[in-house]
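The values are calculated or read from the model by the stated rules, or taken from the named source; none is laboratory data. All of these numbers come straight from a predicted model, not from anything done at the bench. In this analysis, Cβ positions are derived from the backbone assuming ideal geometry, glycine residues included, and neighbour counts consider all displayed protein chains. Calculation scope for accessible area: heavy atoms of the full protein, side chains included, ligands and nucleic acids excluded. Shrake-Rupley method; radii C 1.70, N 1.55, O 1.52, S 1.80 Å.
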Amino acid sequence: MNITIQNLTKSFGETRALDHLSLTVNSGEMFFLLGPSGCGKTTLLRALAGFVEPDAGDILFGGKSILSVPPHARNTALVFQNYAVWPHLTVFENVAYGLRVRHVAAADLRRRVTAALRQVGMEALARRKPVTLSGGQLQRTALARAIVVEPDVLLFDEPLSNLDAQLRLEIRAEIKRLHAAFQRTSIYVTHDQHEALTLADRIAVLRDGRIQQLGTPREIYDHPATPFVAAFIGEINLFAAAAPLAKNLAVSGRQFGFRPEKVELTAGDGIPARVTDSAYLGASTELLLETAAGEKIKARVPRPAAVGDTVRFTVSRENILEFAQ
Amino acid sequence: MKKLLPLTVILFFAAFLAYPLCSLLAGAFWVKGEFSLRYFSLIFDNPFYRHCFANSALIAAWSTILSLGLALPLAWLFNRCAFPAKTLLNSLLLLPLILPPFVGAIGLRQFFTRYGTLNLLLEKTGLVSLSDPPDWLGGGGFIGIIALESLHLYPILFLSVQAALANLDPTLREAAANLGARGWRVFRTVTLPLAWPGVFAGASIVFIAAFTDLGVPIMFNFQATVPSQIFNLVAQPDNPMGYALVVVTLLLVSTLFLLGKKTGGGNYAMAMRSGSQALTVTLPRPLALTVSGAVLALVAASVIPHLGVVLQSFSARWFMTALPTEWSGQFYAEVFHLDATTLSIRNSLFYSVCSMLLDLALGLGIAWLLTRGKFKGRALLDTVSMLPLALPGLVLAFAYYVTFSRPGSPLSFLDPRDNPVPLLVIAYAMHRLPYIVRAAVAGFQQVSASLEEASANLGARAWQTFRRVSLPLIAANLVAGSILTFSFAMLDVSNSLILAQEDRFYPITKTIYALMGRITPTAPNIACALGVLALLLLAAALYLAAKLMGQKMGQLFRS
């Protein structure tokens with residue numbers, strides 16, 4: 001099921017959450033909406049599920065407008081940030097819910113619910129009530145509940161943000177495996193760049209209700225369209241066109257920048273700089289450098305350097321990112 | 001459905017709140033086609049009515065002062081100290097609030113009249129002579145009324161002051177202590193000013209309740225109070241004095257209510273709550289036991305009147321002795337055999353069940369609108385649905401009677417003189433509506449909206465979501481709220497006394513009142529037996545409700 005969003009606009013009072021936003025999601029794609037809080041990504045997701053009514057624009061599922069379709073008839077399945085697992089129903093009944101309202105016959109229902117629970121490794125806990133489950137188990141239940149109804153579209157609303165670091169990796173892998181197995185059109189909202197880079201087929205970076213850039217994870221990381229995208233996904237040393245460094249690096253006339261890991265320390269020629277801070281990260285060392293002109297540069301280099309040392313560095317031309325003003 | 005629900009709610013409040021109140025005001029201010037304040041000057045020119053107002057004001061003022069005297073130290077103790085059985089005592093303190101003082105009045109009389117238990121006991125010690133025994137109830141029951149009102153109402157103040165103290169950030173007190181202030185000074189300069197909105201709100205409710213209570217003065221047959229006079233004037237629908245008395249009461253109540261809201265508006269205590277928890281002081285063992293004992297004694301004292309009712313319901317002979325000399329269960333048998341009592345029990349059960357169902361439907365709808373609906377005027381709906389808590393039962397009952405019995409009224413099919421049943425059910429329901437709205441709102445607030453969205457998202461229609469997700473999750477609150485509305489309706493006084501004018505429609509409370517007025521020697525005993533049965537029902541219902549609501553029970557009674 002491909003999804004087309006046309007000129008979607010939504011305001012809450014003075015704030016414009018979505019500003020004439022248009023994009024197309026291909027069938028079977030894992031599509032990410034990435035951005036800081038308040039960028040409109042959750043509003044867009046809730047508009048897809050039908051919980052937010054847009055002020056203008058259209059949403060098409062498989063070429064048909066669904067704006068007049070009520071939430072329960074859209075055949076989407078939303079995975080919530082706070083799980084939204086019903087506390088009065090067992091794990092089995094939570095997963096069976098969508099099938100029961102669809103009047104699926106008892107035998108078929110049992111088979112499908114069991115299969116879904118097996119998919120997420122929750123088969124043994126089917127009779128448990130949610131209060132006895134951990135956060136990870138709750139989110140697995142929510143995942144099973146979403147896939148069991150075979151939705152046209154799977155919607156993920158920051159599903160990992162309430163989990164601790166270890167579980168986050170586990171459930172992330174689970175989502176990746178499930179998507180590979182079922183190939184449902186999925187839209188995933190997050191502010192975590194790592195989730196986006198590891199899981200996404202394509203990413204739309206949002207800011208103030210508009211798309212800043214749309215592309216594959218590599219396109220967005222290697223060729224960020226704006227300084228905002230560059231800073232939001234990964235880190236960047238950003239300089240104005242007139243900065244003294246522009247001359248040293250042979251950039252002219254445009255705002256430019258480079259990522260810390262693209263800074264190379266050189267033995268001979270290079271730009272001299274003093275190390276003002278050094279943080280040992282194990283696999284690499286993060287240095288804060290200051291040039292004679294007072295420009296501050298973050299560098300991630302393979303070998304350590306001590307605070308107070310003077311080093312020389314360079315950035316190769318192809319690693320310099322230039323931005324239109 | 002989306003349109004129908006708000007419309008029903010609006011119509012209900014328009015027909016049974018706005019319309020009776022407006023028609024009441026019109027009756028008082030609109031004389032022979034023009035605006036007039038004539039009746040008001042008539043009231044205040046009449047020395048008897050002036051006397052009534054003075055009495056009611058004195059009763060209310062003394063009840064408030066005595067309640068403050070009990071509630072402030074109690075709230076402080078429960079907020080700051082640890083002592084044995086604290087949780088149990090905390091719930092026991094709600095008991096006097098729930099026990100109807102109307103029934104208790106009978107028992108109090110038995111103990112404290114001139115030839116009552118206390119004087120007979122004191123006579124044995126030689127402290128009192130029976131030729132001229134002291135009148136403990138004072139001036140035809142004046143002191144008795146104050147005692148009953150205070151003992152009934154101090155828990156309201158206790159609850160609101162306790163809540164105010166609990167919301168106080170302990171670091172504010174610590175800051176004062178840190179700057180050198182000591183115990184009493186901290187209380188006077190920091191704790192009390194910050195808790196003041198809670199204290200004032202509680203005190204104004206106590207004042208209003210004591211001023212407008214009809215049941216207690218009428219059981220003492222104390223005529224010179226405003227409520228007693230209003231009750232007498234119901235039977236004279238053409239006499240405008242009733243309107244004027246009710247409207248003056250209403251004005252007084254509104255003024256106090258608005259003042260309370262205004263004072264409570266600056267509730268700074270809530271605004272800056274830091275995470276720190278107040279530490280309770282562990283009292284030394286003997287002191288702690290004394291505190292528990294004192295609180296228990298207070299609870300015991302609060303139920304003395306009701307104890308008197310129980311005693312009298314079993315006493316076959318109780319004349320000029322401290323306690324009954326012969327005991328019998330015959331009056332309970334009579335309650336179930338006499339036509340008057342069995343009929344009133346059936347009536348009360350029927351009215352209360354109907355009003356409970358009406359409350360349940362309305363309360364659920366209003367709570368849903370308040371928590372899940374998207375519409376303008378939500379604040380207004382919130383205020384209006386809480387209004388019956390502030391509106392004295394007497395005022396509304398009087399307004400109902402005069403409005404719906406007036407010929408030519410568009411709702412004259414509800415005329416209480418023909419058949420008061422529909423109006424009684426509506427009056428009961430209107431009065432307890434805030435409780436069930438609060439219970440249901442609390443339920444909806446606990447249920448995260450995403451639980452309902454998850455259901456809609458998986459294909460459930462609105463009613464399926466409501467039935468399968470929302471309803472099971474708030475069921476406990478709804479059942480508890482329904483039990484409360486039912487049991488309070490069973491013991492309703494003002495509406496029952498005012499609206500039910502014919503024997504065959506009498507509910508339990510009006511039958512108790514009627515029995516107490518009969519000259520048959522056993523009538524008071526039967527009235528007491530009926531009262532005890534009502535109390536038992538109430539106790540069972542509240543126990544059930546408390547089981548279902550748990551710790552949140554107290555919140556329903558807070559102002």
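Please list, ordered by residue number, the helices (runs of 4 or more DSSP H) wholly in region B:1-109 having 2 or more residues that are within 24 Å of the chain's Cα centre (by Cα).
Fully inside region B:1-109 and qualifying: B:4-13, B:19-29, B:47-80, B:86-92, B:95-98.
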Hits in region A:18-28 - residues which are assigned to a strand (DSSP E or B) and of a type outside the set (Val, Ile, Thr) = A:Leu18, A:Asp19, A:His20, A:Leu21, A:Ser22, A:Leu23
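Results for (1) in a loop (DSSP other than H, G, I, E, B); (2) touching a residue at least 60 places away in the same chain (Cβ under 8 Å), shown as yes or no for each residue.
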| position | (1), (2) |
| --- | --- |
| A:Ala124 | no, no |
| A:Arg127 | yes, no |
| A:Gly136 | no, no |
| A:Arg140 | no, no |
| A:Phe156 | no, yes |
| A:Ser161 | yes, yes |
What pairs can you find where one residue is in region B:24-45 and of a type in the set (A, V, I, L, M, F, W, C), the other is open to solvent by 90 Å² or more (accessible area, probe 1.4 Å) and in a helix (DSSP H, G or I), and their Cβ atoms are less than 9 Å apart, with a gap of 6+ or different chains?
-> B:Val31/B:Arg38; B:Ile43/B:Arg50; B:Phe44/B:Arg50
Identify the single condition in (1) part of a helix (DSSP H, G or I); (2) under 27 Å from B:Phe220 (Cβ atoms); (3) at pLDDT below 75 that B:Arg114 does not satisfy, given that it satisfies every other one.
-> (1)
Report yes if some residue within region A:63-80 is surrounded by 23 or more Cβ atoms within 10 Å (Cβ to Cβ), more than 14 Å from chain B (Cβ to nearest Cβ) and outside any helix (DSSP H, G or I); otherwise report no.
-> no
In region A:306-318, anything closer than 12 Å to A:Ala273 by Cα and surrounded by 10 or more Cβ atoms within 10 Å (Cβ to Cβ) is listed as A:Val307, A:Asp309, A:Thr310, A:Val311, A:Arg312, A:Phe313, A:Thr314
Please go through region B:465-483 and pick out each residue that is open to solvent by less than 20 Å² (accessible area, probe 1.4 Å) and not hydrophobic (A, V, I, L, M, F, W, C).
-> B:Thr465, B:Ser470, B:Asn477, B:Gly481, B:Ser482
How many residues, within region A:173-206, are without any contact (Cβ under 8 Å) to a residue 40 or more places away in the chain, exposed (fewer than 15 other Cβ atoms within 10 Å of the Cβ) and in contact with a helix residue (DSSP H, G or I) (Cβ under 8 Å, 6 or more places away or on another chain)?
-> 3
Would you mind telling me which numbered condition in (1) more than 11 Å from chain B (Cβ to nearest Cβ); (2) assigned to a helix (DSSP H, G or I) A:Phe31 fails?
-> (2)
Considering region A:47-61 alone, what residues qualify as being in contact with a Lys or Arg (Cβ under 9 Å, 6 or more places away or on another chain), within 14 Å of A:Ile187 (Cβ to Cβ) and part of a strand (DSSP E or B)?
-> A:Phe61
Pairs where the first residue, in region A:289-300, is part of a loop (DSSP other than H, G, I, E, B) and the second is among the charged types (D, E, K, R), C-beta under 7 Å, 6+ apart | none
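Yes/no per residue for (1) over 30 Å from the mean Cα position of the chain (by Cα); (2) on the phi > 0 side of the Ramachandran plot:
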| residue | (1), (2) |
| --- | --- |
| A:Ala84 | no, yes |
| A:Glu93 | yes, no |
| A:Ala96 | no, no |
| A:Arg100 | yes, no |
| A:Asp108 | yes, no |
| A:Ala115 | no, no |
| A:Gln119 | no, no |
| A:Ala124 | yes, no |
| A:Arg128 | yes, no |
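Is at least one residue of region A:258-269 open to solvent by 90 Å² or more (accessible area, probe 1.4 Å) and not in a strand (DSSP E or B)? Steps first, please.
Step one: list which residues in region A:258-269 are open to solvent by 90 Å² or more (accessible area, probe 1.4 Å), which gives A:267, A:269.
Still in the list and also not in a strand (DSSP E or B): A:267, A:269.
Yes, region A:258-269 has at least one match.
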(1) surrounded by fewer than 21 Cβ atoms within 10 Å (Cβ to Cβ); (2) touching a residue at least 40 places away in the same chain (Cβ under 8 Å): which one isn't true of B:Asp359, the others all being true?
-> (1)
Name the residues in region A:119-152 that are of a type in the set (Lys, Arg) and within 13 Å of chain B (Cβ to nearest Cβ), would you?
-> A:Lys129, A:Arg145
Qualifying positions in region A:34-62 - more than 14 Å from chain B (Cβ to nearest Cβ), over 18 Å from the mean Cα position of the chain (by Cα) and small (Gly, Ala, Ser) = A:Ala56, A:Gly57, A:Gly62
Determine whether region B:411-425 contains at least one residue that is within 14 Å of chain A (Cβ to nearest Cβ), open to solvent by 20 Å² or more (accessible area, probe 1.4 Å) and not acidic (Asp, Glu).
-> no
Checking A:Asn7 against (1) farther than 26 Å from A:Ala180 by Cβ; (2) touching a Gly at 6+ places or on another chain (Cβ under 6 Å); (3) crowded, with 22+ Cβ neighbours inside 10 Å, the condition it does not meet = (3)
Those residues of region A:102-118 which are surrounded by fewer than 19 Cβ atoms within 10 Å (Cβ to Cβ) and within 13 Å of chain B (Cβ to nearest Cβ) amount to A:Arg102, A:His103, A:Val104
Of the candidates B:Phe44, B:Phe35, B:Phe112, B:Phe29, the one satisfying the condition of being out of contact with any Pro (no Cβ under 7 Å at 6 or more places or on another chain) and surrounded by 21 or more Cβ atoms within 10 Å (Cβ to Cβ) is B:Phe112
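Facing chain B (nearest Cβ under 10 Å), within 19 Å of A:Arg127 (Cβ to Cβ) and at pLDDT below 90: does that describe A:Leu89? Give the steps one after another, and end with the answer.
On the way: facing chain B (nearest Cβ under 10 Å): yes; within 19 Å of A:Arg127 (Cβ to Cβ): yes; at pLDDT below 90: yes.
Spelling it out, A:Leu89 is indeed facing chain B (nearest Cβ under 10 Å), within 19 Å of A:Arg127 (Cβ to Cβ) and at pLDDT below 90.
Restricting the search to region A:189-220, which residues are of a type in the set (Lys, Arg) and either under 19 Å from A:Arg177 (Cα atoms) or under 12 Å from the mean Cα position of the chain (by Cα) (or both)? Let's see the steps before the verdict.
To start, the set of residues in region A:189-220 that are of a type in the set (Lys, Arg) comprises A:202, A:207, A:210, A:218.
Once the filter is applied, which keeps residues that are of a type in the set (Lys, Arg) and either under 19 Å from A:Arg177 (Cα atoms) or under 12 Å from the mean Cα position of the chain (by Cα) (or both), region A:189-220 yields only A:Arg202.
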Determine which single condition B:Leu137 fails, assuming it passes every other condition in (1) part of a loop (DSSP other than H, G, I, E, B); (2) hydrophobic (A, V, I, L, M, F, W, C); (3) farther than 27 Å from B:Ser204 by Cα.
-> (3)
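Answer yes or no: is there a residue in region B:427-445 that is free of Cβ contacts under 8 Å to residues at least 60 places away in the same chain and open to solvent by less than 10 Å² (accessible area, probe 1.4 Å).
Just the residues of region B:427-445 that are free of Cβ contacts under 8 Å to residues at least 60 places away in the same chain, to begin with: B:434.
Those left that are additionally open to solvent by less than 10 Å² (accessible area, probe 1.4 Å): B:434.
Yes, there is a match, as at least one residue in region B:427-445 is free of Cβ contacts under 8 Å to residues at least 60 places away in the same chain and open to solvent by less than 10 Å² (accessible area, probe 1.4 Å).
For A:Asp108, are the conditions met, namely being acidic (Asp, Glu), out of contact with any helix residue (DSSP H, G or I) (no Cβ under 7 Å at 6 or more places or on another chain), over 25 Å from A:Glu158 (Cβ atoms) and part of a strand (DSSP E or B)?
Values: acidic (Asp, Glu): yes; out of contact with any helix residue (DSSP H, G or I) (no Cβ under 7 Å at 6 or more places or on another chain): yes; over 25 Å from A:Glu158 (Cβ atoms): yes; part of a strand (DSSP E or B): no.
It is false that A:Asp108 is acidic (Asp, Glu), out of contact with any helix residue (DSSP H, G or I) (no Cβ under 7 Å at 6 or more places or on another chain), over 25 Å from A:Glu158 (Cβ atoms) and part of a strand (DSSP E or B).
Scanning region B:443-481 for residues that are among the polar types (S, T, N, Q) and under 33 Å from the mean Cα position of the chain (by Cα), which turns out nearest to A:Val101 (Cα to Cα)? Explain how you work it out, then say what you get.
Here is the first cut: in region B:443-481, the ones among the polar types (S, T, N, Q) are B:445-446, B:448, B:450, B:455, B:457, B:464-465, B:470, B:477.
Subset that is under 33 Å from the mean Cα position of the chain (by Cα): B:445-446, B:448, B:470, B:477.
Details: B:Gln445: 25, B:Gln446: 24, B:Ser448: 21, B:Ser470: 15, B:Asn477: 26 Å.
Step by step, filter region B:443-481, then rank; the result is B:Ser470.
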Select, from B:Ser448, B:Ser455, the only residue that is of a type in the set (Ser, Thr, Tyr), over 22 Å from B:Val353 (Cα atoms) and buried (at least 24 other Cβ atoms within 10 Å of the Cβ).
-> B:Ser455
State which residue pairs qualify: first residue open to solvent by 40 Å² or more (accessible area, probe 1.4 Å) and inside region B:378-396, second residue of a type in the set (S, T, N, Q) in any location, beta carbons under 7 Å apart, and separation of 6 or more residues or different chains.
-> none
